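Below: the structure, in structure tokens.
The values are calculated or read from the model by the stated rules, or taken from the named source; none is laboratory data. These numbers come from a predicted model, not from an experiment. Please note: Cβ atoms are built from the backbone with ideal geometry, for glycine as well, and neighbour counts cover all protein chains shown. Please note that ligands, DNA and RNA were not included when accessible areas were found on the heavy atoms of the full protein model with its side chains. Shrake-Rupley method; radii C 1.70, N 1.55, O 1.52, S 1.80 Å.
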Amino acid sequence: MVKNSHWVLMVISIPDQTIKIYDSSTNSIPRELIEEEAMPFAHMVPYVLSISSFWTLPDGVPQAKHPYGDCGIYAVKFLECLVMGVAFADEHLRDSNMKIMRRKLAAEMYDETRHLENIR
């Protein structure tokens, strides 16, 4: 959060050693201010990694069954649950529901971008 009023997405890539900031309002907040707000994270991440086990595999994460192939849909749904603060539920996040979830995601993406065809 920038100035307690503006949200951005910060993606920290350990392998690439980068922090990417996705800002939907690049004209409203000076770049220097966003970089200033990001600096504590740039300093904190190496420290946290040095004192932690780097990564964890949390318990309670719904698992796909063999043959695998829906990992992308699972990952999107994991992110949605985490963002909304909703617990993962095996009755919803399971292989038998992935086909409909894939279709819903495709429909959402189409609906959100169909107006772009007229822009070009």
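Check Lys65, Lys77 and return the single one that is open to solvent by less than 80 Å² (accessible area, probe 1.4 Å) and of a type in the set (Lys, Arg). Full working, then the answer.
Details: Lys65 fails: open to solvent by less than 80 Å² (accessible area, probe 1.4 Å).
Within the list Lys65, Lys77, the selection yields Lys77.
Could you list, in sequence order, the residues of the range 24-62 that are surrounded by 10 or more Cβ atoms within 10 Å (Cβ to Cβ), of a type in the set (Val, Ile, Thr) and under 21 Å from Ser13 (Cα atoms)?
Ile34, Val45, Val48
Pairs needed: first member in the range 89-118, over 17 Å from Cys71 (Cβ atoms); second member anywhere, surrounded by 11 or more Cβ atoms within 10 Å (Cβ to Cβ); C-beta distance under 8 Å; at least 6 residues apart or different chains.
Going by the 8 Å Cβ cut-off, the qualifying pairs are Ala89/Pro62.
Could you give every pair whose Cβ atoms fall below 8 Å, whose first residue belongs to the range 43-65 and is without any contact (Cβ under 8 Å) to a residue 60 or more places away in the chain, and whose second residue is of a type in the set (Lys, Arg) and open to solvent by 60 Å² or more (accessible area, probe 1.4 Å), counting only separations of at least 6 or pairs across chains?
Pro62/Arg94
State all residues of the range 7-59 that are in contact with a strand residue (DSSP E or B) (Cβ under 8 Å, 6 or more places away or on another chain) and closer than 27 Å to Phe88 by Cβ; if no residue qualifies, say none.
Val8, Leu9, Met10, Val11, Ile12, Ser13, Lys20, Tyr22, Phe41, Val45, listed by residue number.
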